[in-house]
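All remarks here apply to the structure that follows.
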There are 2 protein chains.
Amino acid sequence: MADRSEIDALIDLMAKLPGLGPRSARRAVLHLIRKRGLLLQPLADSMAEVARTARECLNCGNVGTSDICAICADDRRATGLLCVVEDVADLWAMERSGVFKGRYHVLGGTLSALDAVGPEDLRIPKLLDRVAGEEITEVILALNATIDGQTTAHYIVDQLEGRVEITSLAQGVPIGGELDYLDDGTITAALNARKRM
Amino acid sequence: MADRSEIDALIDLMAKLPGLGPRSARRAVLHLIRKRGLLLQPLADSMAEVARTARECLNCGNVGTSDICAICADDRRATGLLCVVEDVADLWAMERSGVFKGRYHVLGGTLSALDAVGPEDLRIPKLLDRVAGEEITEVILALNATIDGQTTAHYIVDQLEGRVEITSLAQGVPIGGELDYLDDGTITAALNARKRM
Ligand SMILES: [Zn+2]
Ligand SMILES: [Zn+2]
């Protein structure tokens, strides 16, 4: 089926998305072809636009469409509160809960001896710079309750101890749980019951 | 987060894909932003290309990039054998098994009293035309083993009885099963053991 080459190429690309295997990629592409005016063309345009404009915030690592993201640039947000998360999906989960009015720092992962991920591979040096340079009074560690997440939390506490108040999300985060799976209420409860480390 | 509007728009569009909810759409978009050079831009280009070129075959209903699809246009394929499937995903599943060397007719669904889908809503009139006009010796019904699939099969048998040999996939298709979920070997076995109706 020579004339399916463009369609096959699209299926192969779609199958590279997390959560989509070859079968669901085929289903998705057939759905897109059926709705090529209503969905496929708008999606192509939207992807091209995001590919052109998306960038990581130079300050916190959030994604947005400018060098400094809207949260960092928003002077209504508390400058003294800094919430440290592993990745942008966790930042989005915190934002959906709507309870946190400070700013963020996205590490971009966790320390991992197994995967040879050290502090320099994450935004940990930048975090230490921010705590030294900005008027931060409290660092809230909102890392996943996984072994690597907690190892990373301990490393950050070691680095920052005595320089700033450090708290962490507590009540409501299940052992082994990941922030991005939690409902907004659980995140709210965990933030309100944060404990000093 | 005003500067996330383009990203939010992309998430909303991605969440319209079958099998992707809001959460997996967010994950997929973050993945795409991380790989914006390697994956997001190629995907945007591929989607635009498919949106521009994809069309349904005027003869059989398969999708391709020309008015008559590559299978219908391939004169090495047996003209006497016509395999009737519900949708293009089923045609693709048959093709992956590699065992069928005839041509196809894609109904575009099944008859359904509940959803008020009648013969005219499917490519059934076109099927009757093809049997009357092409040199077809055998119609192989490869419909799903669901109630609607079998209702549709019986309707087609009623229409074509006495005009052409009609067979259906038999051994190997589980009750309630859908073709697109079956492995290639099962499809091959079912085709080889097809029975006269
Ligand atoms: Zn930022
Ligand atoms: Zn065709």
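The values are calculated or read from the model by the stated rules, or taken from the named source; none is laboratory data. Keep in mind that what you see is a predicted model, and the values were worked out from it rather than measured. Cβ placement follows ideal geometry from the backbone for every residue including glycine, while neighbour counts extend to all protein chains displayed. We work out accessible area using only protein heavy atoms, side chains counted, and drop any ligands, DNA or RNA first. Shrake-Rupley method; radii C 1.70, N 1.55, O 1.52, S 1.80 Å.
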Of (1) buried (at least 20 other Cβ atoms within 10 Å of the Cβ); (2) within 7 Å of another protein chain (Cβ to nearest Cβ); (3) within 17 Å of B:Gln41 (Cβ to Cβ), A:Lys16 fails just (1)
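Among the helices (runs of 4 or more DSSP H) contained in the stretch A:30-145, which hold 3 or more residues that are open to solvent by less than 40 Å² (accessible area, probe 1.4 Å) and within 14 Å of another protein chain (Cβ to nearest Cβ)?
Filter on the stretch A:30-145 gives A:41-53, A:70-73, A:88-97.
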Boolean, B:Val88 is among the β-branched types (Val, Ile, Thr) and within 13 Å of the chain's Cα centre (by Cα): yes
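Just give me the residues in the stretch A:42-70 being among the charged types (D, E, K, R) and touching a strand residue (DSSP E or B) at 6+ places or on another chain (Cβ under 9 Å), in sequence order.
Step one: list which residues in the stretch A:42-70 are among the charged types (D, E, K, R), which gives A:45, A:49, A:52, A:55-56, A:67.
Matches in the stretch A:42-70: A:Arg55, A:Glu56, A:Asp67.
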Leading residue by the ranking (farthest from the chain's Cα centre (by Cα)) among those in the stretch B:19-76 that are more than 16 Å from ligand 2 (Cβ to nearest atom) and of a type in the set (S, T, N, Q): B:Gln41
